[in-house]
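Report on the structure given below.
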Amino acid sequence: MESNIKKGKIIKILGGFYYIQHGDTMIECRARGNFRKEKIKPLVGDYADFRVPKDKEHLGYIEKIYDRKNSLIRPPVSNIDQSIVVFAVKDPNPNYIILDKFLINSLKENINPVICINKIDLDEDKAKEIGEYYKNSGFKVILTSKHRDETVESLREVLRGKTSVFAGPSGTGKSSLLNTVKPGLNLKIGEISQKLKRGKHTTRHVEMIEIFSDSWVVDTAGFSSLDIKDIDKYNLKEYYYEFNDYYCKFNDCLHYKEPGCEVRKAVEDGDISELRYKNYLKIFSEIQEGDYKWNI
Ligand code: GDP
Ligand code: ZN
(Lines give C-alpha, C1' and ligand atoms only; values in the text may rest on other atoms or scores of the structure.)
(Ligands and ions follow the chains in the order given, each with its own letter.)
Protein backbone atom coordinates (compact mmCIF):
# COMPACT_ATOMS: atom_id res chain seq x y z
CA MET A 1 0.00 0.00 0.00
CA GLU A 2 1.62 3.18 -1.19
CA SER A 3 1.13 6.57 0.37
CA ASN A 4 3.12 9.68 1.14
CA ILE A 5 3.54 11.64 4.28
CA LYS A 6 2.08 15.11 4.57
CA LYS A 7 2.20 17.72 7.27
CA GLY A 8 -0.83 19.53 8.68
CA LYS A 9 -2.35 21.10 11.76
CA ILE A 10 -4.80 19.33 14.06
CA ILE A 11 -7.79 21.63 14.39
CA LYS A 12 -10.37 19.38 16.03
CA ILE A 13 -10.40 16.16 18.03
CA LEU A 14 -13.68 14.30 18.31
CA GLY A 15 -14.64 10.72 19.07
CA GLY A 16 -11.17 9.33 18.57
CA PHE A 17 -10.71 11.12 15.26
CA TYR A 18 -8.24 13.87 14.59
CA TYR A 19 -9.14 16.47 11.99
CA ILE A 20 -6.09 17.78 10.22
CA GLN A 21 -6.08 20.84 8.03
CA HIS A 22 -3.75 20.47 5.08
CA GLY A 23 -3.94 23.34 2.62
CA ASP A 24 -7.58 23.63 1.68
CA THR A 25 -8.54 20.14 2.72
CA MET A 26 -9.42 18.61 6.03
CA ILE A 27 -8.43 15.02 6.58
CA GLU A 28 -9.94 12.79 9.20
CA CYS A 29 -7.21 10.80 10.88
CA ARG A 30 -6.67 8.07 13.38
CA ALA A 31 -3.69 8.05 15.69
CA ARG A 32 -0.97 5.54 15.04
CA GLY A 33 2.76 5.47 15.24
CA ASN A 34 5.53 5.85 17.72
CA PHE A 35 4.26 8.91 19.52
CA ARG A 36 1.58 6.74 21.11
CA LYS A 37 4.16 4.51 22.68
CA GLU A 38 5.91 7.59 23.96
CA LYS A 39 2.63 8.65 25.58
CA ILE A 40 2.31 11.85 23.57
CA LYS A 41 -1.35 12.75 23.32
CA PRO A 42 -2.09 14.81 20.23
CA LEU A 43 -3.63 18.22 20.93
CA VAL A 44 -5.61 20.67 18.91
CA GLY A 45 -2.95 23.03 17.56
CA ASP A 46 -0.35 20.33 17.04
CA TYR A 47 1.50 20.07 13.78
CA ALA A 48 1.48 16.47 12.65
CA ASP A 49 2.75 14.22 9.90
CA PHE A 50 0.04 12.01 8.53
CA ARG A 51 -0.30 9.41 5.85
CA VAL A 52 -3.33 8.66 3.71
CA PRO A 53 -3.26 5.14 2.31
CA LYS A 54 -3.95 5.02 -1.43
CA ASP A 55 -7.14 3.05 -1.08
CA LYS A 56 -8.65 5.45 1.42
CA GLU A 57 -9.42 8.89 0.23
CA HIS A 58 -10.07 10.74 3.40
CA LEU A 59 -8.97 8.61 6.30
CA GLY A 60 -5.39 9.11 7.33
CA TYR A 61 -3.09 8.04 10.08
CA ILE A 62 -1.03 10.36 12.23
CA GLU A 63 2.59 9.33 12.15
CA LYS A 64 4.31 12.03 14.10
CA ILE A 65 3.58 14.99 16.37
CA TYR A 66 6.00 17.91 16.10
CA ASP A 67 7.51 19.53 19.18
CA ARG A 68 5.24 22.14 20.74
CA LYS A 69 6.00 25.80 21.30
CA ASN A 70 3.66 25.71 24.31
CA SER A 71 0.47 24.00 25.48
CA LEU A 72 -2.43 24.68 27.80
CA ILE A 73 -4.33 22.20 29.94
CA ARG A 74 -7.68 23.96 29.82
CA PRO A 75 -8.55 24.29 27.06
CA PRO A 76 -6.21 21.56 25.81
CA VAL A 77 -4.50 23.32 22.90
CA SER A 78 -0.96 23.86 21.73
CA ASN A 79 1.23 26.21 19.72
CA ILE A 80 -0.53 29.40 20.72
CA ASP A 81 1.18 32.60 19.55
CA GLN A 82 -0.78 35.06 21.61
CA SER A 83 -3.66 35.58 24.00
CA ILE A 84 -6.14 38.40 23.45
CA VAL A 85 -7.06 39.42 26.98
CA VAL A 86 -10.42 41.16 26.64
CA PHE A 87 -11.74 43.54 29.27
CA ALA A 88 -14.64 45.97 28.97
CA VAL A 89 -14.58 49.67 29.80
CA LYS A 90 -17.76 48.88 31.74
CA ASP A 91 -20.56 46.30 31.84
CA PRO A 92 -18.73 44.59 33.46
CA ASN A 93 -16.33 47.06 35.09
CA PRO A 94 -12.71 46.02 34.83
CA ASN A 95 -11.04 44.33 37.75
CA TYR A 96 -7.37 45.21 37.29
CA ILE A 97 -6.07 42.55 39.64
CA ILE A 98 -7.83 39.92 37.54
CA LEU A 99 -6.48 41.57 34.39
CA ASP A 100 -2.93 41.33 35.72
CA LYS A 101 -3.51 37.71 36.63
CA PHE A 102 -4.58 36.95 33.07
CA LEU A 103 -1.38 38.60 31.85
CA ILE A 104 0.76 36.69 34.33
CA ASN A 105 -0.86 33.37 33.49
CA SER A 106 -0.34 33.97 29.82
CA LEU A 107 3.33 34.89 30.22
CA LYS A 108 3.81 31.89 32.47
CA GLU A 109 2.71 29.65 29.59
CA ASN A 110 5.02 31.44 27.18
CA ILE A 111 2.13 33.08 25.39
CA ASN A 112 2.41 36.72 24.48
CA PRO A 113 -0.63 38.67 25.74
CA VAL A 114 -2.34 41.53 23.93
CA ILE A 115 -4.64 43.70 26.05
CA CYS A 116 -7.93 44.43 24.35
CA ILE A 117 -10.05 47.09 26.07
CA ASN A 118 -13.49 46.60 24.58
CA LYS A 119 -16.81 48.46 24.53
CA ILE A 120 -15.07 51.81 24.17
CA ASP A 121 -18.33 53.18 22.74
CA LEU A 122 -19.63 53.15 26.33
CA ASP A 123 -16.97 55.54 27.69
CA GLU A 124 -14.16 56.69 25.47
CA ASP A 125 -12.34 58.72 28.14
CA LYS A 126 -12.20 55.81 30.51
CA ALA A 127 -10.91 53.61 27.70
CA LYS A 128 -7.99 56.00 27.16
CA GLU A 129 -7.34 56.13 30.89
CA ILE A 130 -7.12 52.34 31.07
CA GLY A 131 -4.79 52.35 28.08
CA GLU A 132 -2.53 54.77 30.00
CA TYR A 133 -2.16 52.36 32.92
CA TYR A 134 -0.62 49.80 30.60
CA LYS A 135 1.28 52.22 28.39
CA ASN A 136 4.70 51.23 29.75
CA SER A 137 3.81 47.65 30.56
CA GLY A 138 5.43 46.28 27.42
CA PHE A 139 2.14 44.77 26.28
CA LYS A 140 0.35 45.77 23.15
CA VAL A 141 -2.92 47.51 24.00
CA ILE A 142 -5.80 47.91 21.57
CA LEU A 143 -9.08 49.74 22.18
CA THR A 144 -12.07 48.18 20.49
CA SER A 145 -15.80 48.31 20.04
CA LYS A 146 -17.94 46.08 17.90
CA HIS A 147 -19.69 49.28 16.82
CA ARG A 148 -16.52 50.94 15.47
CA ASP A 149 -15.21 49.41 12.34
CA GLU A 150 -11.73 50.95 12.47
CA THR A 151 -11.16 49.42 15.93
CA VAL A 152 -12.27 46.01 14.70
CA GLU A 153 -9.76 46.43 11.90
CA SER A 154 -6.99 46.91 14.48
CA LEU A 155 -8.00 43.60 16.05
CA ARG A 156 -7.93 41.92 12.65
CA GLU A 157 -4.38 43.19 12.20
CA VAL A 158 -3.37 41.68 15.54
CA LEU A 159 -4.90 38.31 14.65
CA ARG A 160 -3.47 38.05 11.16
CA GLY A 161 -0.98 35.24 10.61
CA LYS A 162 -1.13 34.04 14.22
CA THR A 163 -2.84 31.45 16.40
CA SER A 164 -4.70 33.23 19.18
CA VAL A 165 -6.69 32.33 22.23
CA PHE A 166 -9.23 34.78 23.65
CA ALA A 167 -9.25 35.27 27.39
CA GLY A 168 -11.01 37.52 29.85
CA PRO A 169 -14.10 37.55 32.05
CA SER A 170 -17.45 36.60 30.57
CA GLY A 171 -19.59 39.40 29.22
CA THR A 172 -16.64 41.50 28.07
CA GLY A 173 -17.49 40.86 24.42
CA LYS A 174 -15.18 38.10 23.21
CA SER A 175 -17.78 36.29 21.10
CA SER A 176 -19.20 39.55 19.77
CA LEU A 177 -15.76 40.76 18.75
CA LEU A 178 -14.97 37.56 16.91
CA ASN A 179 -18.28 37.67 15.08
CA THR A 180 -17.53 41.23 14.03
CA VAL A 181 -13.98 40.38 13.00
CA LYS A 182 -15.38 37.71 10.76
CA PRO A 183 -19.04 38.16 9.89
CA GLY A 184 -20.60 34.81 9.23
CA LEU A 185 -18.73 33.09 12.01
CA ASN A 186 -21.99 33.01 13.94
CA LEU A 187 -20.64 32.32 17.36
CA LYS A 188 -23.56 32.71 19.70
CA ILE A 189 -23.28 35.70 22.01
CA GLY A 190 -21.58 34.46 25.12
CA GLU A 191 -20.61 31.21 23.44
CA ILE A 192 -16.91 31.43 24.07
CA SER A 193 -17.41 31.86 27.81
CA GLN A 194 -20.31 29.42 28.00
CA LYS A 195 -18.10 26.67 26.70
CA LEU A 196 -15.69 27.43 29.45
CA LYS A 197 -18.31 26.96 32.14
CA ARG A 198 -19.64 23.75 30.68
CA GLY A 199 -16.15 22.37 30.43
CA LYS A 200 -16.00 21.41 34.06
CA HIS A 201 -18.76 18.85 33.85
CA THR A 202 -18.95 17.52 30.35
CA THR A 203 -16.56 16.29 27.78
CA ARG A 204 -16.35 19.13 25.40
CA HIS A 205 -14.29 19.54 22.36
CA VAL A 206 -12.09 22.41 21.42
CA GLU A 207 -11.68 23.61 17.91
CA MET A 208 -9.48 26.02 16.06
CA ILE A 209 -11.21 28.27 13.59
CA GLU A 210 -9.35 29.64 10.59
CA ILE A 211 -10.50 33.25 10.53
CA PHE A 212 -8.13 34.35 7.78
CA SER A 213 -5.61 32.45 5.78
CA ASP A 214 -3.26 30.81 8.28
CA SER A 215 -4.76 32.84 11.14
CA TRP A 216 -6.38 30.71 13.82
CA VAL A 217 -8.52 31.35 16.86
CA VAL A 218 -9.36 28.84 19.57
CA ASP A 219 -13.14 28.66 19.98
CA THR A 220 -12.93 28.37 23.78
CA ALA A 221 -11.69 31.04 26.16
CA GLY A 222 -8.26 30.47 27.67
CA PHE A 223 -6.96 30.50 31.25
CA SER A 224 -10.07 29.29 32.98
CA SER A 225 -8.19 29.07 36.24
CA LEU A 226 -6.26 32.11 37.34
CA ASP A 227 -4.20 30.24 39.83
CA ILE A 228 -1.01 32.04 40.71
CA LYS A 229 -0.05 29.59 43.45
CA ASP A 230 2.83 28.23 41.47
CA ILE A 231 4.32 31.68 41.01
CA ASP A 232 7.12 32.41 43.40
CA LYS A 233 6.84 35.77 45.17
CA TYR A 234 10.50 36.37 44.30
CA ASN A 235 9.74 35.97 40.60
CA LEU A 236 6.50 37.90 40.45
CA LYS A 237 8.32 41.14 39.60
CA GLU A 238 9.62 39.60 36.38
CA TYR A 239 6.08 39.62 35.03
CA TYR A 240 5.93 43.38 35.48
CA TYR A 241 8.15 44.35 32.55
CA GLU A 242 8.06 48.07 33.32
CA PHE A 243 9.91 47.41 36.60
CA ASN A 244 12.85 45.88 34.78
CA ASP A 245 14.11 49.26 33.56
CA TYR A 246 15.11 50.27 37.09
CA TYR A 247 18.10 49.26 39.16
CA CYS A 248 17.46 49.30 42.90
CA LYS A 249 20.04 49.48 45.65
CA PHE A 250 19.64 45.78 46.31
CA ASN A 251 19.89 43.37 43.44
CA ASP A 252 17.19 41.17 44.86
CA CYS A 253 14.89 44.09 45.71
CA LEU A 254 11.25 43.02 45.72
CA HIS A 255 10.17 46.66 45.42
CA TYR A 256 8.29 46.36 48.63
CA LYS A 257 9.72 48.32 51.56
CA GLU A 258 13.41 48.07 50.82
CA PRO A 259 15.50 51.25 51.02
CA GLY A 260 16.83 52.58 47.75
CA CYS A 261 14.01 51.08 45.72
CA GLU A 262 14.05 52.77 42.34
CA VAL A 263 10.76 51.19 41.30
CA ARG A 264 8.94 52.80 44.21
CA LYS A 265 10.58 56.08 43.34
CA ALA A 266 9.46 55.75 39.72
CA VAL A 267 5.92 55.21 40.93
CA GLU A 268 6.16 58.38 43.05
CA ASP A 269 7.56 60.28 40.07
CA GLY A 270 4.71 59.06 37.90
CA ASP A 271 6.95 57.04 35.57
CA ILE A 272 5.38 53.73 36.54
CA SER A 273 1.61 53.41 36.77
CA GLU A 274 0.54 53.48 40.39
CA LEU A 275 -2.26 51.10 39.60
CA ARG A 276 0.13 48.49 38.23
CA TYR A 277 2.41 48.87 41.24
CA LYS A 278 -0.48 48.51 43.72
CA ASN A 279 -1.68 45.42 41.89
CA TYR A 280 1.81 44.01 42.10
CA LEU A 281 1.85 44.54 45.88
CA LYS A 282 -1.62 43.03 46.23
CA ILE A 283 -0.71 39.91 44.24
CA PHE A 284 2.61 39.77 46.07
CA SER A 285 0.82 39.64 49.41
CA GLU A 286 -1.64 37.05 48.12
CA ILE A 287 1.27 34.83 47.22
CA GLN A 288 2.95 35.54 50.51
CA GLU A 289 -0.15 34.56 52.47
CA GLY A 290 -0.36 31.41 50.42
CA ASP A 291 3.25 30.67 51.31
CA TYR A 292 2.56 31.30 54.92
CA LYS A 293 -0.36 28.89 55.06
CA TRP A 294 1.74 26.41 53.14
CA ASN A 295 4.44 26.49 55.82
CA ILE A 296 2.24 25.71 58.82
P1 GDP B 1 -18.30 37.16 26.06
O2 GDP B 1 -18.96 36.47 27.24
O3 GDP B 1 -17.00 37.75 26.44
O4 GDP B 1 -18.22 36.30 24.85
O5 GDP B 1 -19.24 38.44 25.72
P6 GDP B 1 -20.40 38.58 24.62
O7 GDP B 1 -19.83 38.64 23.25
O8 GDP B 1 -21.42 37.53 24.88
O9 GDP B 1 -20.98 40.02 24.97
C10 GDP B 1 -21.62 40.30 26.19
C11 GDP B 1 -22.57 41.50 26.01
O12 GDP B 1 -21.81 42.67 25.71
C13 GDP B 1 -23.56 41.32 24.87
O14 GDP B 1 -24.79 41.84 25.28
C15 GDP B 1 -22.96 42.16 23.75
O16 GDP B 1 -23.93 42.65 22.87
C17 GDP B 1 -22.29 43.28 24.51
N18 GDP B 1 -21.13 43.84 23.77
C19 GDP B 1 -20.12 43.14 23.21
N20 GDP B 1 -19.24 43.97 22.61
C21 GDP B 1 -19.71 45.22 22.81
C22 GDP B 1 -19.22 46.53 22.42
O23 GDP B 1 -18.19 46.72 21.77
N24 GDP B 1 -19.97 47.60 22.85
C25 GDP B 1 -21.11 47.45 23.56
N26 GDP B 1 -21.79 48.56 23.91
N27 GDP B 1 -21.60 46.25 23.91
C28 GDP B 1 -20.90 45.15 23.55
ZN1 ZN C 1 13.09 47.95 44.20
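Only a single criterion out of (1) more than 10 Å from the chain's Cα centre (by Cα); (2) on the phi > 0 side of the Ramachandran plot is not satisfied by N110, namely (1). Give region 37-87 a look and list any residue that's β-branched (V, I, T) and either within 29 Å of L155 (Cβ to Cβ) or without any contact (Cβ under 8 Å) to a residue 40 or more places away in the chain (or both), or say none. Within region 37-87, I40, V44, I65, I73, V77, I80, I84, V85, V86 qualify. Applying the criterion of being surrounded by 18 or more Cβ atoms within 10 Å (Cβ to Cβ) and within 12 Å of ligand 2 (Cβ to nearest atom) to the residues of region 238-253, the residue that is nearest to K282 (Cα to Cα) is Y240. Close contacts from region 9-34, counting a first residue that is in the same structural domain as H58 (by TED's automatic domain parsing) and a second that is basic (K, R) and assigned to a strand (DSSP E or B), with Cβ to Cβ under 7 Å and a gap of 6+ residues or different chains, come to F17/R30; Y19/K12; I20/K9; Q21/K9; H22/K6; G33/K64.
The values are calculated or read from the model by the stated rules, or taken from the named source; none is laboratory data. Quick caveat, the model's predicted, so the values are computed rather than measured. Methodologically, a virtual Cβ is constructed for each residue, glycine included, from the backbone with ideal geometry; neighbour enumeration extends over all protein chains shown.
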